[in-house]
Every structure is written in structure tokens, then in C-alpha cells.
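Derivation of every value follows stated rules applied to the coordinates shown; laboratory data play no part. Here the structure is a predicted model, which means the values were calculated and not measured. Cβ placement follows ideal geometry from the backbone for every residue including glycine, while neighbour counts extend to all protein chains displayed.
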Amino acid sequence: MDVQARVIAILAEQAVLEPSDVNATDSLEDIGIDSLGLVESIFAIEEAFDIEVPFNANAPQDSDFDISTVASIAKAVAKLIKDQKP
Amino acid sequence: MNRVVITGAGTINALGGSVPATLEAMREGRCGIGPLSLRDVERLNVRIGGQVRDFAPEDVFNRQQMALYDRFTQFTLIAAREAILQSGLEFNGDLANKAGVVLGTAGGGVTTWDENYRAVYEEGKNRVHPFVVPKLMNNAAASHVSMEWNLKGPSFTVATACASSNHAMAQAFAMVRSGMSPVMVTGGSESMLCFGGVKAWEGLRVMSKDACRPFSANRNGMVQGEGAGVFVFEEYEHARARGAEIMAEVAGFAMTSDAADIVMPSKQGAARAMAGALADARIDRDEVGYINAHGTGTAANDKTECAAVADVFGHHADDLMISSTKSMHGHLIGGTGAVELLACIMALRDGIVAPTIGYQEPDPECALDVVPNEAREARVEVALSNAFAFGGLNAVLALRKV
């Protein structure tokens, strides 16, 4: 499974949706993930990929980690894997 | 209904080991937050906190006491001693039978849990010290205060996360006001600055890695502190009859529950608590000169709290001062309201309003007079102390100048 598919699986589980109901262009709001759900999703992503995600819930927009869409999260995760797992 | 006054105060926190030292630091806008010194700190992402430094408990407590007192109990006993000695009260006979101690703590003996989990999980030991349970229990501090000072009346511990000590003090106030007891010892304590305690908070991703900057547009989260604040709440005529020095009057309180979310605060819940405290104290909102904010330095709290103040106070919101002393001593979680009550006492008694330090950029969503960076002289007749906890449990106290 590629990174995006795994990220979608994690977000879908958090949102209590089928992975097939989560689109790459969806925002977290679109799939019903609130701030607490986001923090939980990031934890699940860190555990799944064994990476550290730089994310401060006080200022999500200031993080390097782009959470605007499912695709942007998958892209950011792929970059973190590349950077953190040489 | 009896009037209730404060006749003793004690504390130990990152700003100082006594009330005078703490108030001096608040007047000077000093920051007690710095690099954490604790075991395995290199495994933490958050490495700052408002730690109590230059504190050697073994100089204060003997070997048997050390075996029984978690750090949160040590802090409590030090603060209680200062408060009770200042009050000049001795608890004998009928007074001892009626006077009790109600304290707040969120975590109780967190350090004791941490150390003993290490022993059994990390070091693989199969035996722990016999006093682990009496040391870590949330009521240990209240019980040891009762034993040291012969307080035989109603005594217990309240745990409502970040509002614990405000709930405790509100309860103690209600007991004195109703005539149930002429004197209550009250306040709160917390000591979560150990590896497990900080690691748990890291998980929420609301902690700042550099500073606590409440209400400032560039704030980036809360910073944990530790310590205790303890007060003697006394019935007014009882205090006057013995010529006690009165620091301030506790005039009213309110407690509310958001019934909404386990971590996100609610404007309505906060507003109802502030408005309720004013109504309980029969204070007109225009009389309020100072609010000691909950002011954690998180986006969620600061915006919600400022909006709630604007709702409750209307135009007067622009005339009153609101500061967060957490910028200096950090967030003492279950003990925070107790240490912050000192800032209210300083405003009422000394006419000095503690600042919000670390304030760098105005935030249009927090457009109130947050007393940025420097303390201010002002005559304050009424002060509120806010505490809004995780779980949506709120407690606000109203104090009046005497």
C-alpha cells in the first residue's frame, strides 16, 4: 500500500468512514475530523510510519505539516519519511 | 450568611518559596519558566517548565516524612505552614473539631506513580516501597495538613483538572459562609514535572517549546508549572474578634459545566461562571477592576476566554484589566487557581496588578487590557479569578477589597 492509501486508511478509521469514501481532495472538515481527531490522527500516522510529525495544535497553519487536504497530508508524510528515514 | 475573609496565605512555586517572594516576582514581571531539570529530559520534546528550584526537601522534612510525602504533598505542607502561621490561629477544642482542609490537585502523587512504574517496568523489580499508595493518593496532602495542624472538621480533595483549586476554594468558602465551619484551610497543589507527567502533556500537542505568551498573537501553547498555594478562609466576625490581619474578602463564586467537549472550552460555560460569581457575590459588573485570567497561552483558551469576558462585561470589558500570571509561573494545573489567587490579593490589598509577561504582538481576538509585560498600580475594589478545566468544568471566585 502506498503512503497515500495508508494515510487515507488512518483518516478513514478516525472519521468512522470506509477508505473508499475518503477522497484525496477532501479537507479534514469534509470528512468530519475535528481538532482532537486531528491530534489523534497525527499520533496514528507517527506510529504507523515511525516518524515524528512537527505539529502544534495551537497554530496548525504555522506548522510545516500541511493539513489542508488528505492529499497534502499524504504528501507531507511522504516527505517526512524521506527526511527522517535515510 | 457569614462574610468570609482570607487571614493567611502561603505558597511555593517557580517564582518563589513564599508569598512575599512570589508577589515581588509578580510585581517585577519576572519569569520563573526555564529549562527542565529532570531524569530523561533528553527524551522529551518539551523541555521547559516552571520548576521549583533551589528546593531541598530533605532540609525541611525528616526521613520518615520523606518516605510518606510525594512532592505535591511537600509543596502543600510548606504553603500551609506559611498560611497558618500568618493567620495566627491555633486549632484546639471546638475550633479544631470544626475546621477542616479542602484542597485541589489534578494528579496527586504523579512523581510517585512515575518512579514506581519505572521500578517495576523498566528495572523489572517485583517489589515496591510499602508507602506507595499512601504517598500517591490525591488526598495525601489534605490528610497530612490535617494531621500537622489538628484540623478535625470536613476535609477532602477535589480533582477537576485545571480548576481543582478553584473548586476546592469555592467549596471551603461555601462551608464558612454557611456557618458549617468558622475556619477552613484551602488551596491546591500540583507536581507533574517528571518524565511521565510531561510526556503525557506532550501528547496533546498544546505545549509550547519556548515560552508561555498568553493573549499575544504569536503564542504557541501552554507551559507547565508546579507548586502549591494554601489559604486560611475565616469567618469575618471570628477574624475581627481576634484582631487578625485581613488580606481580602472572598465575596462569591460560581461553578458551571460546559457539558460539551472533553478538551475544547466553551464561551458560554466560561461566561456563565463569571456572571454567576458576580451574582452570587451581589457585585455589579462595573465594579470589577481586575480578572486573573485562566490565560493558558493556547489558542483555544485565550480566544474563548476573551470572548466570554466581552459577553459578560459589555462595554466595561474595555475598562477592566485582565492578566495571566501563568506567563511567569507556568500552569500549575490543579494548583493553579491557588497561586493565581495571590495576584488577586495583591491587586486588592496592595493596588498592584500583576502583568502578562511575554506579550509581543496584539491579537485582535484578545483585544482587552492584558496588562502587558509590566505590573501596574491601580485601585481595585473587586477581582475575579478564572479557572476553566479540561472536561468543561469551570469555577470562578469573586474577591473584594476589605
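List of remarks:
- Label-point separation in nm, B:E42 to B:D94, each point 7 Å along Cα→Cβ: 6.4 nm
- What the Cα convex hull of the protein assembly as shown gives, in volume per residue, is 151 Å³.
- Each semi-axis of the equivalent ellipsoid for segment B:250-355 is √(5λ) with λ an eigenvalue of the Cα gyration tensor; in descending order they amount to 20, 18, 14 Å.
- For chain B, no complete DSSP H run has alpha carbons reaching 27 Å or more along its own long axis together with a mean Kyte-Doolittle score of 0.0 or higher.
- Segment A:70-84 versus segment B:49-68: alpha-carbon centroid distance in Å: 47 Å
- Positive-end residue, chain A charge dipole about Cα centroid, Cβ charges, pick of A:A5, A:A15, A:I67: A:A5
- Low-density loop cleavage sites - trypsin sites (Lys or Arg not before Pro) in segment B:157-250, where at most 15 other Cβ are within 10 Å (DSSP): B:K209, B:R242
- Here the simple spin-label model places points 7 Å from the Cα toward Cβ, and for B:R63 and B:A217 these points are separated by 6.1 nm.
- Think of segment A:3-84 as a dipole: +1 on every Lys or Arg Cβ, -1 on every Asp or Glu Cβ, centred on the Cα centre; then among A:A78, A:N58, A:L36, A:A78 lies furthest on the positive end.
- Sites B:A279 and B:D318, calculated FRET efficiency, Cβ-Cβ separation with R0 25 Å, nearest 0.05: 0.70
- Principal axis dimensions, largest first and in whole angstrom, of segment B:4-241 by Cα: 56, 50, 31
- Rounded Å value of the spacing that divides the Cα centres of segment B:223-259 and segment B:109-172: 22 Å
- Within chain B, percent of DSSP bridges classed antiparallel, to nearest 5: 65 percent
- Dipole of the protein assembly as shown, positive end: most advanced residue of B:A141, B:I33, B:G358 [Cβ charges, Cα centre]: B:A141
- Basic side chains Lys and Arg get +1 at the Cβ, acidic Asp and Glu get -1 at the Cβ, and with that the dipole of chain B about its Cα centre reaches some 760 debye.
- Across chain A, Cα pairs under 8 Å and at least six residues apart give a relative contact order of 34 percent.
- Chain B, relative contact order in percent, only Cα pairs under 8 angstrom and at least six apart counted: 24 percent
- Per-bin percent of Cα-Cα distances, chain A [10 Å]: 18, 58, 22, 1
- Straight-line cross-link partners of B:K267 among the lysines, defined as a Cα under 19 Å from its Cα and at least 8 positions apart when in the same chain: B:K303.
- FRET efficiency for A:E29 and B:R240, using Cβ-Cβ distance with R0 set to 45 Å, rounded to 0.05: 0.15
- Simple Cβ-charge dipole of the protein assembly as shown, Lys/Arg +1 and Asp/Glu -1, about Cα centre, in debye nearest 20: 1440 debye
- A Förster radius of 51 Å combined with the Cβ-Cβ distance from A:K75 to B:E365 puts the calculated FRET efficiency at roughly 0.95.
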